[in-house]
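Heads up, the thing below is written out as structure tokens.
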Amino acid sequence: MESIMVEGGKGTVELQADGVIHLIWKPNVSIEAQDAHAAMAAVNEIADGSECPMLVEMATVEAVSRQARAFFSIPSAASRIAVLGSDPVDRVLANFFFDLRVSPCPTRYFTSRTESINWLLGE
């Protein structure tokens, strides 16, 4: 498994053996535009020219700024995105995120890691 620290240190990007990219945000961070830009650059770097499904772990993220949300609407190496949260607050953040942008690929919210991976892999 290859792993890259997102510039600024608020998260990591990993390419798993199953071909799924994991973007893992640290607990209690607020994601600003520069964080989103750095995360998407790390996603593109780890994909190395390929398109891959991506799991975004956002449990316990404090906030995602409007400017950061704009970066996530730009096409990247992600072929589909599963957003994994753990509670109703995460769902509210994810829904707000989905409502304010046009997704560059199929995107869904999950609270189950197994269900999210199955959806990403088309199972």
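Quick note: the coordinates plus some simple rules give every number you see, no bench work behind them. Given the structure is predicted, the values throughout are model-derived calculations rather than measurements. Reconstructed Cβ throughout: ideal geometry from the backbone, glycine too, with neighbour counts over all protein chains shown.
Taking a Cβ cut-off of under 15 Å around A77, the surrounding Lys, Arg, Asp and Glu residues balance to a net charge of -4, with basic ones at +1 and acidic ones at -1. With R₀ fixed at 22 Å, the C-beta to C-beta distance from E62 to S112 puts the FRET efficiency at about 0.45.
The fewest-to-most ranking of W25, W119 by surrounding Cβ atoms within 10 Å reads W119, W25.
Among bridges DSSP assigns within the chain, what percent are antiparallel (round to 5)? Close to 35 percent.
Cα extents for the chain along the principal axes, largest to smallest and rounded to whole angstrom: 30, 30, 26. Among D48, D35, a tally of other beta-carbon atoms within 10 Å of each Cβ gives an order, fewest to most, of D48, D35. First check a/c for the range 1-54, with a ≥ b ≥ c the square roots of the eigenvalues of its C-alpha gyration tensor; if it is under 1.5, answer rounded, and if not, answer prolate when a/b is larger than b/c or oblate otherwise. It comes out prolate by the Cα gyration axes. Take every pair of alpha-carbon atoms less than 8 Å apart whose residues are at least six positions apart; their mean separation over the length of the chain yields a relative contact order of 23 percent.
Taking the fewest neighbouring Cβ atoms within 10 Å as the starting point, the ordered list for V61, V13 is V61, V13. Helical runs (DSSP H, four residues minimum) scored at -39500 (n - 2.57) apiece and divided by the length of the chain put the mean residue ellipticity at 222 nm at -10000 deg cm²/dmol.
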